[in-house]
Amino acid sequence: MTQTKHVNCVILLGFAALLACISGCGKPSTAGTKTSADTPDRHAGHLHEPQNGGVPIAIGDDQFYLELVHEPGAALMSAYVFDGHMEDYVRLSQSSFEIKVTDPKPERVLSFHAVANRATGETEGTPALFQAESDWLKQLTRFDGVILSIEI
């Protein structure tokens, strides 16, 4: 599945977690769809709890999730790929993806690259963990953006 997804994220300072950034389970995620703030993601009586303290972003019609994790003041942001219940990591064949940050201005692109991770059992060829690094992330407290393309 190749998809474009709009995201709206706020970083909760002091708790080292991202807050808000969900689209509802019952709504298909199509190009141009904006997300609404609500965390954790609630769907049909169950919760989609982020495993790493980040912000879950529904991809597709709740088929997959991308969890964004950022420590305030850090130049690094991590992205974990999960199944539709945020229980199991999903390994991708692609080695990178990008998120275009549209706010705060100026617009910038975060390039996430595959990272081998023993905790999730993957190698660089089968990643479920991606990371982006940039000095401007150190001042980031919230952002709006668009996942340019991700293949799951």
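The numbers here are math on the coordinates, done by the rules we state, and not lab data. Quick caveat: nothing in here was measured; it's all calculated off a predicted structure. So basically every Cβ, Gly included, is an ideal-geometry build from the backbone, and we count neighbours across all protein chains shown.
Database remark: amide H of residue 150 closer than 5 angstrom to the amide H of 3 (H placed geometrically; neighbours at sequence offset of 5 or more, or on other chains; Pro and chain starts carry no H).
By the scheme Lys and Arg +1, Asp and Glu -1, what is the net charge of all other residues having a beta-carbon under 15 Å from that of residue 108? Neighbourhood net charge equals -2.
The separation of the stretch 62-112 from the stretch 122-152, counted between C-alpha centres, amounts to 4 Å. Taking amide H as placed 1.01 Å from N in the peptide plane, the amide H of residue 64 sits under 5 Å from that of 59, each at least 5 places away or on another chain. 3J(HN,Hα) along the stretch 93-100, derived from phi through the Karplus expression 6.51 cos²θ - 1.76 cosθ + 1.60 where θ = phi - 60°, amounts to 8, 7, 9, 6, 7, 10, 10, 8 Hz, with x in place of Gly and Pro.
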